[in-house]
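Bear in mind these aren't lab numbers, they're just calculated from the coordinates by the rules spelled out. Note that this is a predicted model, so its numbers are computed, not measured. Virtual Cβ from ideal backbone geometry, glycine too; neighbours counted across all protein chains shown.
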Amino acid sequence: MTSVNEPLPLPCGQVLPTRIMKAAMSEALGDSTNAPDDRLERLYRTWGEGGYGLLVTGNVMVDRAQLGEPGNVVIEDERDLDALTRWAKSSHDSGVPIWVQLNHPGRQSNLLALGRTPVAPSAVPLNLPGAPMPRELTTVEIGDIIDRFANAAVVCETAGFDGVQVHAAHGYLVTQFLSPLTNLRTDEWGGDPQRRMRFLIEVVRRIRSRVSPGFAVSVKLNSADFQRGGFTEDESRDVIAALATEGLDLIEISGGNYESPAMSGSAADSTRAREAYFLDYARTVRDLARDVPLAVTGGFRSRTGMDEALDAGDCDVVGIARPTATAPDAAATILTGRVATLTAHELRYGMRRALGKVVDIKALDGVLNISWHTDQLHRLGAGRQPDLDRGRLATTLALLRRNGLASFRPKRGPRS
């Protein structure tokens, strides 16, 4: 019987010591120049001691001009190599591999960042209040972004990280290329599913061609974006079949975006009761992925549910995210039997009927929950304990302060 305690060898030669992965969450803990500092080192040193077989960082951007939020770490070159090296070492001290999640927000950039025009495959704005109209990328700019992903991966390897994960889920730029709702192009980068997946394939190929064979390359992919007329499970299966021949070491399955936030815990009660939200889909792509291990993130809470999914062969790695923000040793508590089921925390806005008349209340709840868990990561990064009693008002004010006021601060120019 395959269980969470067993190690997992990867195609690149790395071996994950356990099957529980700390999945990516956006920490927003970069400093004023978008460099990592001691808060991220402290956070990942804590997670490194938490029993995980793999740590995946959150939302490291490849372009300083295009941020998902003000606190994103950005890797464009080696200017922050010393700080990145310390960050990588923070988990290595406990023998845990750490991969950097590389991302570009596209149209899903910080909504409160005034004076910045987001870019996207096509000029289709995000369906959220105040979202600006993005500018359509040129062919030359698309090539530049592909290079940025590869350049960032090379810097990550130089800094001592063990791999990278290309974020192709949750509505960010790669997902925008994949979806017919956001990619209206008719050139070589859009027009049919094959051309819409080209951007992701080229990013993976460029990275794989520039890093060493022992450096892990992975992709986080939506099973679907859960929007009518959007990226479907059938299209996602085709993408996985194409990725299976590109030298990947892991494919992580997730789903949704900020307009339809399946990834933020705003799932129906019946879905939460089944634990792994995307496990049914993962079963349908197990053979398509060939020898590439599959990770499933979203909803896993019990040791029983994790072991059953692994033993059935539906996935090879169990990803958990939100529980690690309030219990940084969540994996160890499951592995040692200290707890049988992890605790999840979810907030909902009040005045739902009134708010629902002007905004998508589920999307708003999704943003609230993401912000609440980000607040917990900031406490851990500061060496403090999580605050489980933190309420909606404090969370909302912190969200506005973090994403709004920070946008008005003067930015320092690039360092040489």
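3J(HN,Hα) couplings calculated from phi for segment 200-209 with the Karplus curve 6.51 cos²θ - 1.76 cosθ + 1.60 (θ = phi - 60°) are, in sequence order, 4, 4, 5, 4, 4, 4, 5, 5, 4, 6 Hz; Gly and Pro show x. Taking other C-beta atoms within 10 Å as the exposure proxy, PHE149, PHE231 rank PHE149, PHE231 from fewest upward. Among MET25, MET306, MET1, MET133, the ranking by other beta carbons within 10 Å of each residue's beta carbon, starting with the fewest, stands as MET1, MET133, MET25, MET306. Across every pair of non-identical alpha carbons in segment 1-115, the mean reciprocal distance, once inverted, gives a Kirkwood radius of 15.1 Å. Compute a Gaussian network model of the chain, connecting alpha carbons closer than 10 Å, and tell me which residue from LYS89, LYS357, LYS22 fluctuates the most. Checking each option, the largest mean-square fluctuation is seen for LYS357.
The amide H of SER302, built 1.01 Å from its N in the peptide plane, has LEU342 as neighbours under 5 Å, considering only residues 5 or more places off or on other chains. Here the Karplus curve 6.51 cos²θ - 1.76 cosθ + 1.60, taken at θ = phi - 60°, turns the phi angles of segment 280-288 into couplings of 4, 5, 4, 4, 7, 10, 4, 6, 5 Hz, with x standing for Gly and Pro.
Per residue, the chain reaches -10000 deg cm²/dmol at 222 nm when only DSSP H runs of four or more residues are counted, each adding -39500 (n - 2.57).
Size descriptors for the chain, from the alpha-carbon set: Rg then Dmax equal 19.6, 56 Å. When ILE201, ILE207 are arranged by Cβ crowding within 10 Å, least crowded first, meaning fewest neighbours, the order is ILE201, ILE207.
The count of lysine pairs in segment 8-408 with alpha-carbon distances below 24 Å, taking only pairs 8 or more places apart or on different chains, stands at 4. Close amide-amide hydrogen proximity is noted between SER223 and SER254, GLY255, GLY256, each under 5 Å apart and 5 or more residues distant or on a separate chain (H modeled in the peptide plane; Pro and chain starts excluded). The 3J(HN,Hα) values that the Karplus relation (6.51, -1.76, 1.60; θ = phi - 60°) gives for segment 299-314 are, in residue order, x, 4, 9, 10, 4, 4, x, 5, 5, 5, 5, 5, 5, 6, x, 5 Hz. Gly and Pro appear as x.
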